[in-house]
1. Condition first: out of contact with any strand residue (DSSP E or B) (no Cβ under 6 Å at 6 or more places or on another chain) and small (Gly, Ala, Ser). Can you find one or more residues in the range 105-117 that meet it?
2. For the range 69-87, how many residues meet the condition of being open to solvent by less than 10 Å² (accessible area, probe 1.4 Å) and either of a type in the set (Val, Ile, Thr) or under 19 Å from SER33 (Cβ atoms) (or both)?
3. Going by the structure shown, is VAL23 of a type in the set (Val, Ile, Thr) and either open to solvent by 50 Å² or more (accessible area, probe 1.4 Å) or modelled with pLDDT of 95 or more (or both)?
4. Pairs only if they're at least six apart or on different chains, beta carbon under 7 angstrom, first in the range 30-51 and closer than 11 Å to HIS188 by Cα, second not in a loop (DSSP other than H, G, I, E, B); list them, first residue then second.
5. Under the condition of being in a helix (DSSP H, G or I) and closer than 14 Å to LEU80 by Cβ, which residue from the range 99-116 is least open to solvent (accessible area, probe 1.4 Å)?
6. Going through ALA199, ALA131, ALA223 one at a time, which residue ends up being over 23 Å from SER53 (Cβ atoms) and in contact with a helix residue (DSSP H, G or I) (Cβ under 8 Å, 6 or more places away or on another chain)?
7. Given ASP102, ASP203, ASP137, which one is closer than 16 Å to GLU67 by Cβ and free of Cβ contacts under 8 Å to residues at least 60 places away in the same chain?
8. Which ranges mark the strands (runs of 3 or more DSSP E) fully within the range 117-236 that have 1 or more residues being under 27 Å from GLU45 (Cα atoms) and at pLDDT 95 or above?
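The values are calculated or read from the model by the stated rules, or taken from the named source; none is laboratory data. Model, not experiment: these values are computed from the prediction. Note that each Cβ is placed from the backbone with ideal geometry, even for glycine, and that neighbours are counted across all protein chains shown. Areas reflect the complete protein model, heavy atoms only, side chains present, ligands, DNA and RNA absent. Shrake-Rupley method; radii C 1.70, N 1.55, O 1.52, S 1.80 Å.
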Amino acid sequence: MTLEASQLDVGDKFKRFNTEHLVSAWREAHYASQAAAELGKSWGEAQDDDSHSSFAWFRNEDGRGLEGVPSVDKGYVCRLKFEGLELSVHDAKSSGGRTVADLSLAGRNFADAMEWVGETCEREIGPRRQASKPAPDLPMHALASGATFADDPEGFNDLADVYGATALIIDKLRESDPRFDEPRCWPHHFDLATLAVVANGDDGSMAKTIGFGLTPPDSVDDAGYWYVSPWAKDGVSGSHEYPPLADGYWLDRGDGIKMAVLPVSAVSGENDRSQRLAGFVADAINACLGALDV
């Protein structure tokens, strides 16, 4: 199948933003997500792949953000709302998801956030089912040394817009190609991503996949980026040509595999942000399908 950009266009869902403010908010939300993940890690059903630490994206009348997996007992969930950077615990089984407790993080430090989730869950749910594992390799930040979370409504609102637009793109993508799974966010890397298995081996295992997601600042781009990445168990033919992208570029990953990258900063001040993002995703996925010969 061939994707068209019009199938993925979600309209003007995120406004112009200041990249510096966005990156600062991104780093702080990454740390805040460690606290939000505690409920799933310690009170959820433990999984071998640590998926009990992961998040889904939520959007409702109260805001947008990440929601962890439910506790085994009572079915409580922890949310991290980006607007205002707020933690909350909810009774997911109740009508409307009754709020059990909430905490604004502005002016509080990382230890405060971790302690609040632990004490709230122990009081409302009971003893931990298992010990949680800290996420490895968090980016360096003053929060790790006792600094407090900022009061930055603009930055956190921009972060909600960028993640929200990505989640909507994924919704559209899944409507067009049901092979893509529901978006998940993992607290160790903090990317919001979806994956499609586009071919299986003779034994039924994954043989070829395509992933799309939004990644925080790292060694690829210091302001964050969207990516489309193919993978093949046996590599990709080195003779395959990846067509030029109208926006973004190809990054060589080895074994004939290239990853499409669109820096967030490339669309920060443009008027057609959603359209350019949709075009990038459609063009890159089509190229990856060609590279994988599926």
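1. Yes, the conditions are met somewhere in the range 105-117.
2. Total satisfying the criteria: 7.
3. no
4. Qualifying pairs under 7 Å: TYR31/PHE110; TYR31/LEU143; SER33/LEU66; SER33/LEU80; ALA37/SER53; ALA37/GLY68.
5. In this case the residue turns out to be ALA113.
6. ALA223
7. When all the criteria are applied, what remains is ASP102.
8. In the range 117-236, the matching strands (runs of 3 or more DSSP E) lie at 192-200, 206-215.
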